[in-house]
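Encoded as structure tokens, the structure appears first; notes follow it.
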Amino acid sequence: MARGEKKFFNIYAAAHNNAAELLSDAEVLLERERWATAYFLAFTALEEISKSQLAADVWTGFINEKEFWDVYTSHRHKVGRMARASNDARRYLDVETEQYIDVQEPQVKRRMSALYVECNQNRIEVESPRELITEDMAKSLVHTVRSAFHSIFVVTEYWGHQIGTKGFMK
């Protein structure tokens, strides 16, 4: 199979590594009970994993460059492509607690609520990220990102499949 442009391999590697750093930062924030910011960083890590897998798919010839750019600019599409991560997370124990976590689907609106105070002209109440993002939400999403990395490792390193999403379809 012909390989695509090297820039897509570079995007794959950079996005994958950035996702790992974002997850590490989210884990530190979990320890400090900063649920909203941990949630935001974990969500961003999940998007970066999606981007890395998309770039790998272009590099391996599984999808074309146009599809990459169409999905690349949409938070909803990037997270939608990671639905399998939530499904995988339901099967994996949380290493720290040695129990299953109630996995919640990541939502773009919730990601925004993790950063911004919610208010509008028609409501008197103001909701801060601290009130909107719970400990369970943050732990669930961090667990989902960990599970996504574990799945990628298993597919590429253990099973020996190529990088990208094609290996998940076997």
*Does Y39 satisfy being among the aromatic types (F, W, Y), farther than 20 Å from F149 by Cβ and touching a residue at least 12 places away in the same chain (Cβ under 8 Å)?*
no
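Any idea how many residues of the stretch 115-124 are at pLDDT 80 or above and either among the aliphatic types (A, V, I, L, M) or over 29 Å from the mean Cα position of the chain (by Cα) (or both)?
Filtering the stretch 115-124 down to residues at pLDDT 80 or above leaves 115-119.
Still in the running and either among the aliphatic types (A, V, I, L, M) or over 29 Å from the mean Cα position of the chain (by Cα) (or both): 115, 117.
Summing the residues that are at pLDDT 80 or above and either among the aliphatic types (A, V, I, L, M) or over 29 Å from the mean Cα position of the chain (by Cα) (or both) in the stretch 115-124 gives 2.
Looking at I49, I63 in this structure, which one is over 18 Å from S147 (Cβ atoms), at pLDDT below 95 and surrounded by 16 or more Cβ atoms within 10 Å (Cβ to Cβ)?
Working: I49 fails: over 18 Å from S147 (Cβ atoms).
One residue alone meets the criteria, I63.
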_Extreme residue, surrounded by the fewest Cβ atoms within 10 Å (Cβ to Cβ), among residues of the stretch 126-161 that are modelled with pLDDT of 80 or more and outside any helix (DSSP H, G or I)_ = V126
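The values are calculated or read from the model by the stated rules, or taken from the named source; none is laboratory data. Just so we're clear, the structure is a prediction, and the values are computed from it rather than from any experiment. Counting neighbours? That spans all protein chains shown, and the Cβs are built from the backbone with ideal geometry, glycine included.
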